[in-house]
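Here the structure comes first, spelled out in structure tokens, and everything after it is commentary.
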Amino acid sequence: MSSISMLVAFNKELIEEKDAVINVNDKAYFFDFVVYSSLKVIKGKIFFSEYHVDRLLESAKVLELNHQFSKEDVLEMLNKVVEKNSLNEAFLRIILIGDANENKNAKLYIFPLTGVHYYPDRFYKKGVKVITYHGERKFPTSKTKDLLLGFIASKEAERNQAIEALLIDKDGNIREGTKSNFFAIKGNTLITSPKEKVLEGITKKIILEICKPHFEIKEEDIPLSKIKEYDELFITSTLYNILPVIQVDDITLSSNFEKTKIIQRLFKEYYDKNVLNAN
């Protein structure tokens, strides 16, 4: 995709990719007065675009980042980027940059990234390794561009041949991954961190909805020190979907992921019905 000139949304217009630039003197961008979202396009259809835009706008509210764009404006530009670039499988990124001086006129960019990356089937059947990294995001409920913590933690995961790093807060609890939400299963109870402590991922939102008839759901702290007491662990994101976790740091878990596989099936059924087969 990178060898082909693409059209990018800037505010409410489409422009050439080469013209979609950010000034080095942009004070808001320098100070990370920015929120963003990443979306997946499969077979020309955007993965739950309304959920992503709702979260983008809510993230802006958390930072008190004022802007002139409605939900309908952003959705319209998302669809135009997909349509005019004839995107079939791709990621899209939305960046909303605040106005550092008067906090009135934000800048909206929407652009395609490289094609969708798929992980090997064995990851979804046998589980993956993750590591832990101590640190907390400053605004946990907002998807901001303050990404240094996640970047450093991800590098540490790569060095340890792990797929993700789980962020551990000052109280020793697992909050979330650098780019994922974290779940634990105990018996028939699905456990995830309290919503005021983490970023609510779109995949997480869907999982909590589809699992209500099948699992008891609890929002509570997940102490790293008690990780062996849970039956199953998994991480979720737009990138991963649902990935079972078989190893945390040097702790290897014993699990056939019976309950996680049920959730994977429920998610696939929901996705096929509401995205791939939707009118």
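The values are calculated or read from the model by the stated rules, or taken from the named source; none is laboratory data. All values derive from a computational prediction rather than experimental measurement. Cβ atoms come from the backbone with ideal geometry, glycine included; neighbour counts cover every protein chain shown.
Please find, among L239, L276, L243, the residue that is within 23 Å of the chain's Cα centre (by Cα), within 26 Å of K197 (Cα to Cα) and at pLDDT below 95.
Checking each option against the conditions leaves just L239.
So F182 passes all but one of these: (1) at pLDDT below 95; (2) in a strand (DSSP E or B). Which condition number does it fail?
(1)
Hey, could you check segment 77-99 for residues that are in contact (Cβ under 8 Å) with a residue 60 or more places away in the chain and part of a helix (DSSP H, G or I) and say which is farthest from K143 (Cα to Cα)?
K84
From the residues in segment 174-211 that are among the polar types (S, T, N, Q) and over 19 Å from S37 (Cα atoms), which one is surrounded by the fewest Cβ atoms within 10 Å (Cβ to Cβ)?
First, pick out the residues of segment 174-211 that are among the polar types (S, T, N, Q): 178, 180-181, 188-189, 192-193, 203.
The next check asks that each one be over 19 Å from S37 (Cα atoms); those that pass are 188-189, 192-193.
Numbers: N188: 10, T189: 15, T192: 21, S193: 23.
Among them, the one singled out is N188.
Looking at (1) in a strand (DSSP E or B); (2) farther than 28 Å from D272 by Cα, find the lone condition where V41 falls short.
(2)
Of the residues V116, V74, which is farther than 16 Å from E17 by Cβ, under 20 Å from the mean Cα position of the chain (by Cα) and surrounded by fewer than 16 Cβ atoms within 10 Å (Cβ to Cβ)?
Going through V116, V74 in turn, just one is farther than 16 Å from E17 by Cβ, under 20 Å from the mean Cα position of the chain (by Cα) and surrounded by fewer than 16 Cβ atoms within 10 Å (Cβ to Cβ): V116.
Just wondering, is there one or more residues in segment 100-109 that are of a type in the set (K, R), assigned to a strand (DSSP E or B) and touching a strand residue (DSSP E or B) at 6+ places or on another chain (Cβ under 7 Å)?
Yes - at least one qualifying residue is present in segment 100-109.
Each row is one residue, and each column tells you yes or no for (1) of a type in the set (S, T, N, Q); (2) closer than 20 Å to L14 by Cα.
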| site | (1), (2) |
| --- | --- |
| Y29 | no, no |
| G98 | no, yes |
| N105 | yes, yes |
| F111 | no, yes |
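Every residue in segment 1-38 that is touching a Ser or Thr at 6+ places or on another chain (Cβ under 9 Å), surrounded by 14 or more Cβ atoms within 10 Å (Cβ to Cβ) and part of a helix (DSSP H, G or I), please.
E17
Suppose the filter is among the aliphatic types (A, V, I, L, M) and crowded, with 18+ Cβ neighbours inside 10 Å; does I42 pass it?
no
Tell me, please, whether a residue that is without any contact (Cβ under 8 Å) to a residue 60 or more places away in the chain, charged (D, E, K, R) and either touching a His at 6+ places or on another chain (Cβ under 8 Å) or closer than 22 Å to E200 by Cα (or both) can be found in segment 26-47.
No, segment 26-47 has no match at all.
Suppose we keep only residues that are at positive phi and not polar (S, T, N, Q) within segment 233-279. Which one would you say is surrounded by the fewest Cβ atoms within 10 Å (Cβ to Cβ)?
D249
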